[in-house]
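Below you'll find the structure, written out as structure tokens, and then a few comments.
Taken together, the values in this text are just the output of simple stated rules run on the coordinates, not laboratory data. Only a predicted model underlies this, so the values are computations on that prediction, with no experimental measurement involved. Every residue, glycine among them, receives a Cβ derived from its backbone with ideal geometry; neighbour counts consider all protein chains shown.
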Amino acid sequence: MDRILADRTRAADSTVDQRDQAGSAPVVRRWHAEHPRWAAAIAERGVDWDHPRSVHWNAACGAEAAADFAAIRRQARTYDAIAPAFAATARHREDRARSAEAMGDLVTARENYFMAAVHWSAAQWPAHADDAPSRGYHERKRACYRRYAELADHHVEAVSIPFPGTHRGSLPAWLHLPPGYRGGRLPVAVVLADLDSCKEATVALHGDRFLSRGFAVLAMEGPGQYECAMLGTHFSVPAWAQVGPACMDWLAGRDEIDPERVVLTGSGFGSFAATVVAAHEPRFLACAVVEVCHEPGWTTVFEQASPTYKMRFMYMTGHTDEAEFDRFSPTLTWQGRAQRIRMPFLAVAGQHDELSPLDWTRDLLDTVQGPRLLVIYQDSPHHIGGVPSARLGPSAPGLVADWLAARVRGDAFPTEQWIIDSGGRINRSPLHALEPLDEADPSEEPVAELFTEPMAEPLAQAATEPSGQPRSGPPTPVPPAGQPAPVPPHEQPAKPAGRARGSRKKGSPQPDHPQPSVRHEPAASNGSHGRSKVPRRPS
């Protein structure tokens, strides 16, 4: 049966070159120098030792798969055990799918084929080389998802987006049309996955957030991601700058798609990729990014987080030598590009993002020229969850989908900052582009003066930097409720060299997008009024 599945894949336009490639994995010094530390973390917490990746995979598969992921979290207590654990679970789901199909239970069959595909993809994740096991996992993933697509309750189509200069001249993707589609032109969401995910896990098995809102979905992988890396199409910022035009040109030729209503979204690594794509393709109607990665050069990710991030990114870029990759990594930046963005732009972030300090996203939004919204979840890490603001406030994925749906409807919105506080309340305030520092006048406009109303329950500054080291200087005092936050008395340190401040100068004209008056959502009936905010830490 494995041979039959492989044959089906080859007959269904498998995009991976079948040549026997030896492949070699990147070598990262921290993975070896700090191996006891990471081995202990994996032994204690399993596959989610550094990031709740299994939560994302489980969310795509639905409730039935929860037992699968719980078992894998218990079993996979070493890095080398992760791929075999997912592969064994994938085989089990394949067996169930084939049995259900033989009995005529096609709904059960398609659900198990979907779950098998996601497990095969998860088995690929720990590998950082184009070797035989990784190619084998890919073929099984492709075969299972292909069979799911044939049985799905909506139209799912394997597509190849022409992309000159790549190994086979195309980007692999799946096009989904919403259930019940009977014709006409649809809005479409182009969805870019994270480092830990793949296009097959981008559209949920049940109740997908975009399909249920009437969108078509183009779930794709770009340069360096999963299938593209296996094709020899590696990551670079210039390569991603070409992705938007390639997608829009392809979508313009589809009768089902309204080319005037194409939106873009990405999470994690996909947030960085989507930012670059948006900067080079003005035909997108809007762009929304979540769980952001906006630090230029990705120093925090590569040198403080788990070394597996760097290992995977080296694989995505085609590097095996770490010193060479370190010379390449400064090119990983939106700087010099983001000022091209004039479409509506949404960024959703955790207050204490440990992978990409929040100030970098603020700097990005200072640079974006169109209407924009910054949403911050109080106390949340990079993965938005596990804190009261995420539990009691709006769901971050749902917020993104609703915001993009509003852009498709043509709804106007003010440029704002939203703080989702620990009570789940949305605290709105204007989002101003900060002015660049004048060398003759080193003082900076106090952040508190940017707000016109008293702020209730201000969020305290974190006592540590994202790296875990104590923050220099005295802590920012927390004022009583209802009083504005005082400006820290100590002098702010100079900003690191090369860090962009923003493109709008004092006295320059504002963007020509509509700016309705700011509306403030009523607070919960606990007597609290005004709004709280996350102070921008000294830069």
> Highest mean first, what order results for 152-165, 368-381 on Cβ atoms within 10 Å?
Replying inline: 368-381, 152-165
>> How many angstrom lie between the Cα centre of the stretch 401-427 and the Cα centre of the stretch 74-126?
In response: 37
> What is the Cα centroid distance between the stretch 151-215 and the stretch 327-384, reported in whole angstrom?
Replying inline: 25
>> At 0.36 nm per residue, and after removing the present C-alpha to C-alpha distance, how many nm does the segment from A71 to R213 gain when stretched out fully?
In response: 47.8 nm
> Across the stretch 304-439, how large is the tail of the calculated P(r) beyond 26 Å, expressed as a percent of all Cα pairs?
Replying inline: 36
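Add +1 for every Lys or Arg and -1 for every Asp or Glu among the other residues with Cβ under 13 Å from the Cβ of P282, and state the total.
My count for the surroundings of P282 gives +2.
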